[in-house]
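**Q** I have a structure I would like to understand better, so I am pasting it below and will then ask my questions one at a time.
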Amino acid sequence: KDSFFISILNPSSKMANELAPLQQLLNSVLSRIEALETKVGIEGPVSVPSSGIEEEETQDHPAVVAYDEHIKTALEPFSGSIDDLEGLSDIGALMREAWAGIRVIVVFASKCKKPANVTGTITPLLKQTQEAVKKISGKRMDRKWDWHQKAMMEMLGCLSWVLVVAPPAPASFVKELVGSSDFWCNKIRKEYKGKDDKQIAFCDNLKKLLLDLSAYLKEYHLSGLFWNPRGKDASEIKPENDPPATQEKKEPEPPKAPPAAPMGGGIAALKDELTKKRTTDGDSAATGLKKVTRDQQTWRKEYTKDGGAPVPAAKPKAAPTAPKKTTVKGPPICQYQDRGNKWVIENQTKESNPDGVCAVTITDPKQQAYIYACEGATIKLEGKIKSLIMDSCKKCAVVFESAISSCELVNCKSVQVQTTGICPSFAIDKTDGCVIYLSKETISVSKFVTSKSSEMNVNYPGDDGEMKESPIPEQFAHKLVGGAITSEVSDIYH
């Protein structure tokens, strides 16, 4: 009987090893409960001395262990797929450095309490990650790797999750980057499908990395970076050193050259020689030499063999120019026309409205809106409207409640349209770059008719309440079947 109790209390016993995973789970649950108590203002129980089977201080927190597993299962395959592509050189090693820098922050936070100034505490620890991202961004590669670099730069935005505080949750913040990186990955898939499996593996592993990181954050950093409520003050803890593989070796400073002896060789000798050539009148060796003008300098375009060209006058320095404002062809117009029951909104810019928003109140559902040649403006239509047309607009955003007929985009570039109610139809023609935001009510009602347009995306709320993004297909496969042409969406959108 005595030996039985001794075996339980002995941390090196077999049963203690079996209980270790359960102990880690209980410690993780306890840490989360204490974090909630701290936020609500409830003081937790007084800590008791550590028992033999408690986790030692030197043991990594479950959040750190899970992060290491994330690096092993998601980052390493992606870095390996980068290494397999010759044109991406050493970017795989830089990816590992960036993730290792974030690990330093996760370990640091698991050992200390949440500081008053979280951003100020974390920012110095981001140096390693920032330098790695800067090197990736500054890589000069062949044009065939542009899509790869842009996809990676979109993905690397996920590393700022350590500074994100809900809302949005860090997991949701990272998951939203899947769509923006997939935009470039889809171009890679389209180019290399059936030709190069390494290219497809690069795209798949990039997406897997983001989804795996999002799952990790949802488990261990649900509302922000986890801080240990039982830990020490941040000022008392020194961050762990970077892994040896990621440390930059400092080159020893070259020894300083000894000062030249007076009247020795080099500059001293030259000065001594010029001094000897000085005359008793004080003239130097350069006295009497003529100035060489621009027309006498053979390497300048003003040079002439006869030397008779006049010296061009120095051009006056141009005054510093003020930042360019958005220019439009005519004065801004926002007025209602009885003829046709139409609101005419033209030449609106960000500067033409005091708050940056051009607000229009629709008083009758029979009224229409025609928005023309606006640039950089935000236009808000309040009330139910019959139809809406955007023509020749650039970098504009339009928000409206409901449209009875349709919303049309013609000859536009980089525009955004949002409906907070219902719009049965969207027509997109000769438009490059548009994002349409749908409400939950109009998802099952709206349809899209497109022609001669590109870079079209639709955002809508999913069943879990998070916004999702889907591209509108631009590529189709056509077949001649039974004397008629049939069309299907390209496989890259499936």
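**Q** Can you tell me the order of 439-448, 384-393, 370-379 when each peptide is scored by its average per-residue count of other Cβ atoms within 10 angstrom, highest first?
**A** Per-residue mean Cβ counts within 10 Å order the peptides as 370-379, 384-393, 439-448.
**Q** Another one. For a quick protection proxy, order the peptides 86-95, 181-190 by their average other-Cβ count within 10 Å, most packed first.
**A** So the order, starting with the most tightly packed, is 181-190, 86-95.
**Q** Here is a follow-up. Bin width 10 Å, origin at 0, all Cα-Cα pairs of segment 336-394: what percent of pairs per bin?
**A** 24, 54, 22, 0
**Q** What does the convex hull of the Cα atoms come to per residue for segment 104-181, in Å³?
**A** It comes to 92 Å³ per residue, whole-number rounded.
**Q** Same structure, new question: How much net charge surrounds Ile422 when only the other residues with a Cβ under 14 Å from the Cβ of Ile422 are counted, with Lys and Arg +1 and Asp and Glu -1?
**A** +2
**Q** So with the 1.4 Å probe, I'd like the accessible area per residue for segment 104-238, rounded to whole Å².
**A** 52
**Q** Right, next: Give me log10 I(q)/I(0) at q = 0.11, 0.19 Å⁻¹ for segment 391-494, Debye formula, one equal scatterer per alpha-carbon, no solvent.
**A** Normalising to I(0) and taking log10 leaves -0.38, -0.98.
**Q** At 1.4 Å probe radius, can you tell me the per residue accessible area of segment 407-476 in Å²?
**A** Result: 51 Å² of accessible area for each residue.
**Q** Then there's this: How much of the accessible area of segment 95-186, probe 1.4 Å, is carbon plus sulfur, in whole percent?
**A** For segment 95-186, the apolar C and S fraction of the accessible surface comes to 54 percent.
The values are calculated or read from the model by the stated rules, or taken from the named source; none is laboratory data. Quick caveat, the model's predicted, so the values are computed rather than measured. All Cβ positions, glycine included, derive from the backbone under ideal geometry; neighbour counts span all protein chains shown. When the accessible area is computed, the model is the full protein with side chains, heavy atoms only, and any ligands, DNA or RNA have been set aside. Shrake-Rupley method; radii C 1.70, N 1.55, O 1.52, S 1.80 Å.
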